[in-house]
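Structure first, commentary second.
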Amino acid sequence: MQQVDHVGIAVKSIDDTLGYYVHTLGLTLLAIEEVESQKVRVAFLDAGNIKLELLEPLGGDGPVAKFIEKRGEGVHHIAFGVTDIRTRMHDLREKGVQLLQDEPKNGAGGAEVAFLHPKSSFGVLYELCDKSRKGE
Ligand code: CMX
């Protein structure tokens, strides 16, 4: 992996949290969108060399809703930017890493995404995020 694209942060409400990130910390809001496949509403903030992704659950049964229920708000995942997600997934599987999908899913901003199970990543949920086919 060569670069971190963004850090995902689980929040109960983007509307209640945004003032802290924009006015108190001085970050710039880039975009807000809903990602139906992941049952979240997300806000991307420019944090210089990486982005922060605020994740608000849509409904009560998605992965972020479950995370907040169990652990509360806070850092949820770290996303690596990749350009060849299927090859990366294959290579990681060969190395014994448990992936949470067989195929990439549609993520925010038109990216293809896949997740590595925290159980095989020493307690961290990692995402692979591939924007190279965006717009195809
Ligand atoms: N970071 C680290 N550990 C986590 C975690 C996270 N974000 N979420 C869950 N875990 C841990 C749990 O605490 C649990 O550990 P223990 O067994 O020690 O308690 C273990 O992983 C398994 O958790 P679980 O409750 O049995 O399983 P869940 O049903 O909560 O599923 C996971 C966990 C990671 C498989 C699920 O959240 C998932 O599939 N995530 C990938 C998709 C995703 O997170 N989408 C939201 C982001 C979307 C976006 O960025 O756009």
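Output the number of residues of the range 25-46 satisfying the condition of being among the small types (G, A, S) and at pLDDT below 95.
Narrowing the range 25-46 to residues among the small types (G, A, S): 26, 31, 37, 43.
After this cut, where a residue has to be at pLDDT below 95 as well, the list is 37.
Number satisfying all stated conditions: 1.
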Discussion item. If I ask for residues that are within 14 Å of the ligand (Cβ to nearest atom), within 30 Å of L29 (Cα to Cα) and more than 17 Å from the chain's Cα centre (by Cα), which ones from the range 79-136 would you list?
Written reply: none
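Here are some residues: G109, G8, G48, G62. Which one is among the small types (G, A, S) and open to solvent by 60 Å² or more (accessible area, probe 1.4 Å)?
On the way: G109 fails: open to solvent by 60 Å² or more (accessible area, probe 1.4 Å); G8 fails: open to solvent by 60 Å² or more (accessible area, probe 1.4 Å); G62 fails: open to solvent by 60 Å² or more (accessible area, probe 1.4 Å).
One residue alone meets the criteria, G48.
So which residues in the range 69-78 are in contact with a Leu (Cβ under 9 Å, 6 or more places away or on another chain) and either more than 7 Å from the ligand (Cβ to nearest atom) or among the hydroxyl-bearing types (S, T, Y) (or both), if there are any at all?
As a first pass, look at the range 69-78 and keep what is in contact with a Leu (Cβ under 9 Å, 6 or more places away or on another chain): 76-78.
Matches in the range 69-78: I78 only.
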Item to complete: For E53, state whether it is of a type in the set (D, E, K, R), at pLDDT 95 or above and open to solvent by less than 20 Å² (accessible area, probe 1.4 Å).
Response: yes
Item to complete: Go over the candidates V82, V75, V42, V35 one by one and state the one that is closer than 21 Å to L116 by Cβ and either open to solvent by 50 Å² or more (accessible area, probe 1.4 Å) or of a type in the set (F, W, Y) (or both).
Response: V75
Worksheet entry | Residue count for the range 49-62, restricted to those that are farther than 13 Å from K12 by Cα and either assigned to a helix (DSSP H, G or I) or more than 15 Å from the chain's Cα centre (by Cα) (or both) | 2
Response to the item:
Quick count over the range 14-32, residues being assigned to a helix (DSSP H, G or I) and either surrounded by 13 or more Cβ atoms within 10 Å (Cβ to Cβ) or in contact (Cβ under 8 Å) with a residue 40 or more places away in the chain (or both), is 5
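The values are calculated or read from the model by the stated rules, or taken from the named source; none is laboratory data. If you're wondering where the values come from, they're calculated on a predicted model, not measured in any experiment. A quick note on method: Cβ atoms are made from the backbone with ideal geometry, for glycine too, and the neighbour counts reach across all protein chains shown. Calculation scope for accessible area: heavy atoms of the full protein, side chains included, ligands and nucleic acids excluded. Shrake-Rupley method; radii C 1.70, N 1.55, O 1.52, S 1.80 Å.
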